[in-house]
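Everything on this sheet refers to the single structure shown next.
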Amino acid sequence: MHPILASRRILIYLLAWVPAGALLTYLTWAGGGFRLAQAAAVMAPACFVYAFVCLSPWYLCRSRPYSVGALAELTVTFSAAAAAGGMLLGGIAWAVAAAMKIDATGHLPLWFGVGVLLYLLSTGLHYAGLAAEESRQSEARVAEARALAREAELQALRLQIHPHFLFNSLHSIAALASVDGARAREMCIRLSDFLRISLGLGSRPTIPLGEELDLARNYLELERVRFSDRLRVEIEIENGCESCAVPALLLQPLVENAVKHGIAGMVEGGTIRLEACRDGDDAVVTVTNPFDAEAPPQQRLGVGLAQVRRRLEVRYGAGARMDAGTAEGVYRVVVRLPCEKA
């Protein structure tokens, strides 16, 4: 069914024919043989019927899409359809005039010509409308494809986090097993519990920031089995931040790096500090840890931090960013992202 017939736009469409009907009424009256009221009485039903006839090009335009190669065929098809339409308009007007006992034979060429022009105009408008609709659908398909690609990349990045994290944890357990078997077993149990929780969260696209920080706290408690008092944790969350939605496991690589590149390299250990606060419409999460400035330099923006940066870029575009750097023996990572409701 024609889109206009399937909606309330049919009233607007019929109103758009009022100027065309007025023009035909004027031309009919100016051609002689009709009073103005008689010309209006003849053209009103003719234009009303012809308005629906001029919706028929929609079906032809859909079945015969415009292309340069098919221009000759389209010209013949629509010329024939326009001629038929012109004869129909003239025939309806002539029949109404005959019913009013008015000889309208001399006006037939006028009505035929105007009918042809109106039909061709309708054809052009239909092709333009179909082209605009196709353009909108094409843009929608491109947008959907981009969204699916972004989601696929996010999913791939999420899946990369667990193997990376598991490798680090197993390496820690292996190192601890040669020193203290009991603590290594405790760490295995805590790792099993942590994986059970993190795998469940990792299947969700976003989680509240409060849950993400709890997961980071659980991980650091797991590492405290290995480092004991060498690892100290401070977490400060400003009211109103816990409900902000963040990509699941976003902070995991940050706290892993804080342990691996910071606390693990210091004999006396140190404090890892997690802070979360609001800054306008954004949530700001800061992870800081001390590090041994005299230790051999490492590539601190490694795989884990590169993943965090990429996930922010894919999920938020320019609306989020991550800054990382050192100052006075402290390594600091600051993540800023929009505070959306989880």
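Comparing GLY265, GLY106, GLY85 in a Gaussian network model of the chain where C-alpha atoms under 10 Å apart are linked, the largest mean-square fluctuation is found at GLY106.
For the chain, the 222 nm mean residue ellipticity estimated from helices alone, with every DSSP H stretch of n ≥ 4 adding -39500 (n - 2.57) and the total spread over all residues, rounds to -21500 deg cm²/dmol. Note: the range 220-342, Cα convex hull, 110 Å³ per residue.
Extension gain VAL49-ARG230, at 0.36 nm per residue separation less the Cα-Cα distance, in nm? Could you put the intermediate results ahead of the total?
Details: separation 181, 0.36 × 181 = 65.16 nm, distance 8.91 nm.
Net length gain for the segment: 56.2 nm.
Using the membrane-span-like helix rule (whole DSSP H runs, Cα extent along the own axis of at least 24 Å, mean Kyte-Doolittle hydropathy at least 0.5), which helices of the chain qualify? Passing helices, by number: 9-30, 36-53, 71-99.
Computed over the chain with a Gaussian network model linking Cα atoms closer than 10 Å, the most mobile of LEU191, LEU220, LEU121 is LEU121. Tally Lys and Arg at +1 and Asp and Glu at -1 over the other residues with C-beta under 13 Å from the C-beta of ARG232: what net charge comes out? Net charge around ARG232: -1. Taking trypsin sites (Lys or Arg not before Pro) across the range 1-102, the ones in a DSSP loop with at most 12 further Cβ atoms lying within 10 angstrom of their Cβ are ARG8, ARG35, LYS101. In plain terms, the chain is cut at each of the GluC sites (Glu not before Pro) found in a DSSP loop with at most 10 other Cβ atoms within 10 Å, and the longest leftover piece is 1-267. Our summary of shape: the Cα atoms of the range 9-141 have principal axis extents of 57, 32, 20 Å, ordered from largest down, in whole angstrom.
Fraction of C-alpha pairs exceeding 26 angstrom in the chain: 65 percent, rounded to a whole number.
Since every read-out is calculated from the coordinates, none of them should be taken as a lab result. Quick caveat: nothing in here was measured; it's all calculated off a predicted structure. Quick reminder, even Gly has a Cβ in these numbers, built from the backbone with ideal geometry, and neighbours come from all protein chains shown.
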